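The values are calculated or read from the model by the stated rules, or taken from the named source; none is laboratory data. Predicted model, so just to flag it, every value in this text is computed and none were measured. Glycine gets a Cβ as well: all are built from the backbone with ideal geometry, and neighbour counts include every protein chain shown. Just so you know, the surface numbers come from the protein's heavy atoms only, side chains and all, with ligands and any DNA or RNA stripped out. Shrake-Rupley method; radii C 1.70, N 1.55, O 1.52, S 1.80 Å.
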Amino acid sequence: MGILNVTPDSFSDGGQFAALDFAISHAEQMIRDGVDIIDVGGESTRPGAPAVPLEEELRRVLPVLFALRDCGKAISVDTYKPELMREAVLAGVDMINDINAFRAPGAIEAVRESDCALCIMHMLDKPATMQDKPVYTDVVREVTGFLHERIGALTSAGIDRSRLWIDPGFGFGKTVEHNYALLKAGRQMVAELGVPLLAGLSRKSMIGAVTGKPVEQRLAGSLGGALAAVAHGAGIVRVHDVAETVDALKVWQAAQ
Ligand code: 7PJ
């Protein structure tokens, strides 16, 4: 899964059309690089990032969804807003990736009648404050318990389990130790919950903490992280660097 950010900091200040142009060229590059799923996001959820109003998120994301409609690759939308989920479903997307695990009022209803895949991610608190002082007694138990509860909420609303993916939410209200404990518990979570695993650790602080590298020098560390995630049972890895990750995974698979 390649990350396609459609946020003002991801393009030069050429306005709305430049943003769309930039996003489409980035998507085309990811396709040449061997991406399977393009994850389109219109709001930065980095710790401390401000929320984006609905209208603005729709303005950023919808044109990209329509432009990529027939690109031949699966399209995912990274959003927690039910209104955008509805529009994305109408635009024919293949996955809704919700960092808020479909807890917003109306989120489950927005996706229930569709047949797209749904990624349920664990997040402690909310993006603005989640990294303030995350505390767990047993992080793997608690995250697994949360995901179990959300799977229950979705399936009891009539959503087929085969549509679901789980994600421990690396960096979303977790210390470095919490993140690695969760990474190592991947297979255990898949076995307990019976739902496949998506892992997103590309360029995150858990990579920086181990390598001592700033965000722009985390490529090699992120490749190590992607392989580790797959080794621990991830079926999808969400990454910035598609070409390099595809090569790493090809060699990994050849060696299995
Ligand atoms: C994740 C995400 C993740 C899923 C972001 C970033 C922050 N969606 N959206 N999992 N992270 N499912 O990429 O650094 O880990 S935004």
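General observations
- Of P127, P214, P196, the one that fluctuates the most in a GNM where the chain has Cα springs shorter than 10 Å: P214
- Only protein atoms count toward the accessible area here, which uses a 1.4 Å probe; on region 82-175, the carbon and sulfur part of that area reaches 51 percent.
- Applied to region 70-75, the Karplus parametrisation 6.51 cos²θ - 1.76 cosθ + 1.60 on θ = phi - 60° returns per-residue 3J(HN,Hα) values of 10, 7, x, 10, 5, 10 Hz, with x for Gly and Pro.
- log10 of Debye I(q)/I(0), alpha-carbon scatterers only, for region 1-151 at 0.11 Å⁻¹: -0.44
- For the chain, modelled as a GNM whose springs connect Cα atoms under 10 angstrom apart, the maximal fluctuation among E56, E87, E216 occurs at E216.
- When peptides 47-53, 227-233 are sorted by average Cβ neighbour count within 10 Å, with the highest value leading, the order is 227-233, 47-53.
- Ordering of 245-255, 175-185 by burial proxy (mean other Cβ atoms within 10 Å per residue, highest first): 175-185, 245-255
- One quarter of the convex hull surface built on the alpha carbon atoms of region 16-65 amounts to 4.1 nm², the projected area averaged over directions.
- Per residue, in Å², the accessible surface of the chain once ligands and nucleic acids are set aside, probe 1.4 Å: 46 Å²
- Cα-derived Rg to Rh of region 117-249, Kirkwood definition: 0.97
- Kirkwood hydrodynamic radius of the chain, from inverse mean 1/r over distinct Cα pairs, in Å: 18.5 Å
- Comparing V242, V215, V111 in a Gaussian network model of the chain (Cα springs below 10 Å), the most mobile by mean-square fluctuation is V215.
- Span-rule helices in the chain, defined as complete DSSP H runs reaching 15 Å or more along the axis (Cα) with Kyte mean at least -0.5: 15-32, 54-67, 139-156, 219-231, 242-254
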